[in-house]
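Colleague: This structure is in structure tokens; I'll ask about it shortly.
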Amino acid sequence: MIVELVRIQTDDGVRLDGVVSHAQEGSTPGVVVCLHGVGSNFYGSSMMNRLAIGLTDSQWDVLRVNTRGHDHCYVGAYRMGTRRFGAGYEIVSDCVHDLAAWIDWAEQAEYQKIVILGHSLGALKAVYRQTHVACERVTALLAISPPRLSCRIFQSGSRAHEFKASLDAAEKLVESGNPDALVDVTFPFPLLITAGSYVDKYGPAEKYDLVGFVPRLNLPTHFIYGGSELEQGGVAFEGLDQLLVDCVKDTESAQLMTLEVIAGADHLYTRHADDLLSSVKKMLMQW
């Protein structure tokens with residue numbers, strides 16, 4: 001597999017890196033742009049690496065990229081200076097700048113088809129971007145295990161007390177004028193994160209509730225979940241497959257959305273990477 005390191009700058013001055021893997025031989029129908037999950041990066045996911053190998057074997061180029069939320073914390077270039085970025089500092093809606101820059105790169109490379117594939121928070125970012133800033137240059141979305149980030153749902157889950165303690169601590173710092181202060185939270189997993197970022201992702205504004213986005217999808221979108229994560233992944237995943245199907249009933253998006261559950265698979269598709277690849281390749285053949 002031949003790879004090439006690439007670098008872009010977003011319209012608000014953030015420098016991001018990625019790697020493009022080229023198809024083994026002959027012409028390619030297009031490029032699959034892969035977005036990592038929370039705290040990950042373009043090179044660290046074995047699942048994404050397996051997908052890249054399998055898709056280049058199927059003649060697709062694969063561009064694995066960083067968003068500004070890669071890793072947990074790093075210092076990066078920003079508007080002629082530097083600042084802290086990473087999962088602990090990101091505002092999820094800023095993904096619109098990151099995706100726009102990577103789509104620009106793919107268009108300048110003269111790909112005829114541009115498919116966005118995201119995992120976990122990366123999948124939620126892909127759906128968020130397309131439903132808030134629609135892009136006709138994107139052919140389709142592959143959303144692998146996007147969670148439902150809903151304050152209302154978290155407040156009714158089995159870990160509601162834990163969530164309330166984390167959110168209260170973050171909200172107090174924001175209200176006191178210290179959104180950049182770090183808080184050590186335990187929900188949904190242990191993380192050192194800025195108060196502003198925590199309230200942005202999990203606060204009462206409900207900015208990233210996947211169920212609210214899906215009826216607004218305007219292009220072919222294939223959702224994939226693991227059966228195990230739907231059963232054991234907590235309220236962010238519980239019953240989400242049926243909720244997504246129900247929320248597009250009687251809408252135009254019903255004709256554009258497909259969904260598959262891979263039996264027994266967890267959030268990282270451990271021991272089910274080949275099943276995941278088969279699901280992705282099947283949809284790419286249809287598009």
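Colleague: Using the basic label-point model (7 angstrom from Cα toward the beta carbon), what is the Asp168 to Ser27 distance in nanometres?
Modeller: Distance between the two pseudo-spin positions: 6.3 nm.
Colleague: Go ahead and estimate [θ] at 222 nm for the chain from helices alone: -39,500 (n - 2.57) per DSSP H run with n ≥ 4, summed, over the residue count, rounded to 500.
Modeller: Helices in the chain give a 222 nm mean residue ellipticity of -10000 deg cm²/dmol.
Colleague: Taking the convex hull of the alpha carbon atoms in region 133-182, what volume per residue do you get, in Å³?
Modeller: About 156 Å³ per residue, rounded to a whole number.
Colleague: So which residue, out of Phe189, Phe223, Phe237, gets the largest mean-square fluctuation from a GNM of the chain using Cα contacts under 10 Å as springs?
Modeller: Evaluated over the chain, the most mobile residue of the options is Phe189.
Colleague: Right, next: For region 91-153, give the magnitude of the charge dipole about the Cα centre (Cβ charges: +1 Lys/Arg, -1 Asp/Glu; no others), in debye to the nearest 20.
Modeller: Values: 6 positive and 6 negative charges, 82 e Å.
Using Cβ point charges on Lys, Arg, Asp and Glu, region 91-153 gives about 400 debye.
Colleague: Would you mind classifying the chain by shape? Square roots of the alpha carbon gyration tensor eigenvalues, ordered a ≥ b ≥ c; an a/c under 1.5 is rounded, otherwise it is prolate if a/b is larger than b/c and oblate if not.
Modeller: Note, shape of the chain comes out oblate.
Colleague: Return the loop-located trypsin sites (Lys or Arg not before Pro) in region 100-199 (DSSP other than H, G, I, E, B) with at most 16 other Cβ atoms within 10 Å of their own Cβ; answer none if there are none.
Modeller: Sites meeting the loop and neighbour criteria: Arg137, Arg159.
Colleague: Mind listing the long-range amide H neighbours of Asp61? Cut-off is under 5 Å, sequence gap 5 or more, other chains count too, H placed in the peptide plane at 1.01 Å from N.
Modeller: HN-HN under 5 Å from Asp61: Ala23, Gly30, Val32.
Colleague: Quick check: the distance between the Cα centres of region 77-102 and region 139-184, to the nearest angstrom?
Modeller: Region 77-102 and region 139-184 have Cα centres spaced 19 Å from each other.
Colleague: So with the 1.4 Å probe, I'd like the accessible area per residue for the chain, rounded to whole Å².
Modeller: With the other protein chains kept in place, the chain gives 45 Å² per residue.
Colleague: Related question: So what are the ³J(HN,Hα) numbers for region 140-151, from phi and the Karplus equation (6.51, -1.76, 1.60; θ = phi - 60°), rounded to whole Hz, Gly and Pro as x?
Modeller: 6, 10, 10, 9, 9, 6, x, x, 9, 9, 9, 4
Colleague: Here's a follow-up. Under a crude label model (7 Å from the Cα following the beta-carbon direction), how far is Val245 from Arg152 in nanometres?
Modeller: The two pseudo-label positions are separated by 2.3 nm.
Colleague: Going by amide H atoms built from the backbone, whose H comes under 5 Å of the H on His272, apart from near neighbours?
Modeller: Under 5 Å from the amide H of His272: no residue qualifies.
Colleague: Note the count of lysine pairs whose C-alpha atoms are less than 21 angstrom apart in the chain, limited to pairs 8 or more residues apart or on different chains.
Modeller: 10
Colleague: Largest first, what is the accessible-area ranking of Arg68, Arg15 with a 1.4 Å probe?
Modeller: Putting Arg68, Arg15 in descending order of accessible area: Arg15, Arg68.
The values are calculated or read from the model by the stated rules, or taken from the named source; none is laboratory data. It should be emphasised that the depicted structure is a prediction, and the values quoted were computed from it without experimental measurement. Backbone-built Cβ (ideal geometry, glycine too); neighbour counts: all protein chains shown. To get the accessible areas, we keep the full protein, side chains included, count just its heavy atoms, and leave off ligands, DNA and RNA. Shrake-Rupley method; radii C 1.70, N 1.55, O 1.52, S 1.80 Å.
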